[in-house]
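Contents: one structure, followed by commentary.
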């Protein structure tokens, strides 16, 4: 695709997205729309480490937690604006990702996944046992200020919609940049065969750490957004294993390592879960988790590379892989 | 030709690579016992031996994937046995690993560019790319194809091409003939001689004793983690012990 058609496509998507709130004016659909973008954003953030670098993290809820708790505690204790807390949380998350990654990156496959899962569980236990500062298992409630944009609060949901759409595009931009840069190229090699990449001179820890840090930064920013949108956080929901697995499952179902894949996965899971809630109400709790399981098994069985590949096959578009070195150097 | 009693590195101080009394362990298991080899500038040196004699262990030690317990490895006058794999590659040692180890879901072209990782000079990379395509025209014809779609022989060419992209001074190959059709093996060995003629030193580890010793200027025989013989390739080939053990004559 030429850059020009890509620009045109981008502008069309932006126009459609800015018109969406006009159609869905009732607060309930608006909330779902916001959550949809938030989950797609989370999935894309996970995708940077789990998809592009191929390191299947099952501990990403730790970064959501770090983002949400950092901004909330800074706000509740010292009245610092969550906008600033969001940046502080992102920095904390980047450090945490490197700290967790350093010992874990030497592990492969399932062992890496289990280590990250354990890291998130440890964080959850720490938060649950810190009653004074972090509110323990009950969580923290953010003081309602109504219309206070500087404190990241607003009664009109459009405020949150605009922010989440901006976040969504920023993570797409960064993903695109990574995919087309040398870093993405090296990460792809690591994903293909890490020992071979190492023998060619690639510094594995360095590139995995870069991917982990970028992924954690975006995830933590999403955590702050979630806290400000819902105005209530608790360790089970924010740092719990469920969220980590959901993020990974979205990407795996949609198609790891691509841009459209995680978005498709997020849309499929969020919409199906909401429909279930809508029609089943409070009955049959856990049905959505079962549904995730069924979708996951079906996709892994028939198209392990995700729904994205199926759709691409359907449209039968021939997309060439692009190398960062391609421009004029290779032929 | 001599049966080894003492390491020979002392007299080879001018060599490009010298491995001196190296001992390597997997946990508690002693794999390499006082291994000493030397590779001179622009030589083809072949290390031969059967399965499980420590050939691949030696290769992994040279590339920094395994650590020596005692002994030293000196490349161009510098100790490299304490360096990390990516630092060793930057010194000018490229390795073609056993089983090729390509990036299966990357194109031929991307696999090759990946080999140029240690280089920063774009013009140099471009020159290397042209040289590799000249050496293996088939890679140029099919450069946008995925590496996994290649046959064994083609994959080996790609693996060698990828290693050459880093402009190595020393090219190490671990079992390049493994699992290839005889015609491909001959082609690979011919190419290795061409590469050597251009000034690249080659260290070859092989089970195909006959072929590898016939192109080697010198050879070593490794048994149970020890170097038991060394000498010019042709002389080794006529050694009665070697003939009996490896060639079945």
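Listed values, structure above:
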quantity	calculated
Sites residue B:84 and residue B:198, calculated FRET efficiency, Cβ-Cβ separation with R0 45 Å, nearest 0.05	0.95
Surface/4 estimate of mean projected area, convex hull on alpha-carbon atoms of chain B, nm²	13.1
Helix axis angle, B:122-135 relative to chain B longest principal axis, alpha carbon, degrees	80
log10 of Debye I(q)/I(0), alpha-carbon scatterers only, for the protein assembly as shown at 0.08, 0.09, 0.10, 0.11 Å⁻¹	-0.66, -0.78, -0.90, -1.01
Within a Gaussian network of chain A (alpha carbon springs, distance under 10 Å), most fluctuating of A:102, A:314, A:169	A:314
Residue B:190 paired with residue A:18, simple spin-label distance in nm, labels 7 Å along Cα-to-beta-carbon	6.5
Principal semi-axes in Å for chain A [√(5λ), Cα gyration tensor, largest first]	31, 25, 21
Calculated FRET efficiency for the pair residue A:4/residue A:230, C-beta based, R₀ 56 Å, to 0.05	0.85
Ranked A:125, A:239, A:91, criterion: other C-beta atoms within 10 Å, fewest first	A:125, A:91, A:239
Computed lengthening from residue A:166 to residue A:138, 0.36 nm per intervening residue step minus Cα-Cα distance	7.0 nm
Ranked list, fewest to most other Cβ atoms within 10 Å of each Cβ, for B:113, A:7, A:83	A:7, A:83, B:113
Fluctuation leader among B:72, B:46, B:186 - chain B, Gaussian network, Cα springs under 10 angstrom	B:186
Label point 7 Å beyond Cα of residue B:151 along Cβ direction - residues of the stretch B:190-224 with amide nitrogen under 18 Å	B:190-191
Shielding of B:106-112 by partner chains, average beta-carbon count, 10 Å	5
Angle between chain B longest axis and helix B:152-164 axis [Cα atoms, degrees, rounded to 10]	90
Computed [θ] at 222 nm, deg cm²/dmol, chain B (DSSP H ≥ 4; -39,500 (n - 2.57); rounded to nearest 500)	-9500 deg cm²/dmol
In degrees, nearest ten, helix B:182-197 long axis to first principal axis of chain B (Cα)	90
Sorted by Cβ density within 10 Å, fewest first, the residues B:123, B:41	B:123, B:41
The stretch A:133-210: Rg to Rh, with Rh as the Kirkwood radius over Cα pairs	1.25
Exercise: per-residue mean of other protein chain Cβ atoms within 10 Å, B:81-92	3
R0 of 60 Å, Cβ-Cβ distance residue A:145-residue B:119: FRET efficiency to nearest 0.05	0.60
Residues in the stretch B:69-88 that a label on residue B:226 would reach, taking backbone N under 18 Å of a point 7 Å out along Cα→Cβ	B:70-71
Residue of A:224, A:72, A:155 that the Gaussian network model of chain A assigns the largest fluctuation, springs spanning Cα pairs under 10 Å	A:155
Residue mean of other protein chain beta carbons inside 10 Å, B:157-166	1
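Since every read-out is calculated from the coordinates, none of them should be taken as a lab result. All values reported here derive from a predicted model rather than from experimental measurement. For neighbour counting, all protein chains shown are included, and Cβ atoms are generated from backbone atoms with ideal geometry for every residue, glycine included.
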